[in-house]
Amino acid sequence: MQQQPAYAAHLMHNDPKMAEMLATNREFILEDGALSAKVKTLMTMLCDALLAHENGVSVIADRARDMGATEAEIAETIRVAFLMGGLPALVTGVNAFKKEQLRYNPIPPDPLDTRLFPHCLCGCGSPNSTYPAGTMFNHGHDAKLRSQLNKIARNDLPRESIPIELIAGAENHPEWFVRSGRRFLGKYSADDILALRDAAE
């Protein structure tokens, strides 16, 4: 038997005949049939999202969970609400997610910070004091290093001119060069830097 919504008690107190008729129809419509009761409940949640009933979406989502609905099934139902109702339906639909999932969680800090690279990788030996933290070089030092790498690539400087700090970073944390290093060093990825080091003079 379907759990009755909160408004049913108010209706029963004020209009018991209407409440009885509604309960009978509700039970008939939402019982297991060609579509399972769980699927029908998810459909009602979708409709509440389309109608901007925030509390209804939350309550029905919990009801669907009690009937065995998974978080993935709930999320996909909200996707359909978005398809049919656009962003307003999505904004309402997120109330279906568990309350702990709705708490604001700021974007975690980039692991690429001064703890990972405590010193500027250009070879100057100075502490990594960039702002915001999360770069591999102090301000302006990346441009100097990029120029230096260009000269090494043209054989204007020996490969030994590549800072050992930069080589260590490329060997130990190559993923950060793809993610952030290309922004500072233009075309030079970690593999490019190591290739320069290993190139024949």
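The values are calculated or read from the model by the stated rules, or taken from the named source; none is laboratory data. Predicted model, so just to flag it, every value in this text is computed and none were measured. Quick reminder, even Gly has a Cβ in these numbers, built from the backbone with ideal geometry, and neighbours come from all protein chains shown.
Scan the range 57-71 and give yes if some residue there is within 18 Å of the chain's Cα centre (by Cα) and farther than 20 Å from Tyr7 by Cβ, otherwise no.
Yes, the range 57-71 has at least one match.
Of all the criteria given as (1) within 10 Å of Ala96 (Cβ to Cβ); (2) touching a residue at least 12 places away in the same chain (Cβ under 8 Å), the one not satisfied by Asp62 is (2). Considering the range 2-52 alone, what residues qualify as being of a type in the set (A, V, I, L, M), assigned to a helix (DSSP H, G or I) and within 34 Å of the chain's Cα centre (by Cα)? Ala37, Val39, Leu42, Met43, Met45, Leu46, Ala49, Leu50 - these are the residues of the range 2-52 that are of a type in the set (A, V, I, L, M), assigned to a helix (DSSP H, G or I) and within 34 Å of the chain's Cα centre (by Cα).
Does Ala37 satisfy the criteria of being more than 19 Å from Thr92 (Cα to Cα), surrounded by 13 or more Cβ atoms within 10 Å (Cβ to Cβ), in contact with a helix residue (DSSP H, G or I) (Cβ under 7 Å, 6 or more places away or on another chain) and not assigned by TED's automatic domain parsing to the domain that holds Gly86? So Ala37 fails the test.
Taking the range 125-145 as the region of interest, how many residues are closer than 21 Å to Glu171 by Cβ and at pLDDT 75 or above? Within the range 125-145, residues that are closer than 21 Å to Glu171 by Cβ and at pLDDT 75 or above number 3.
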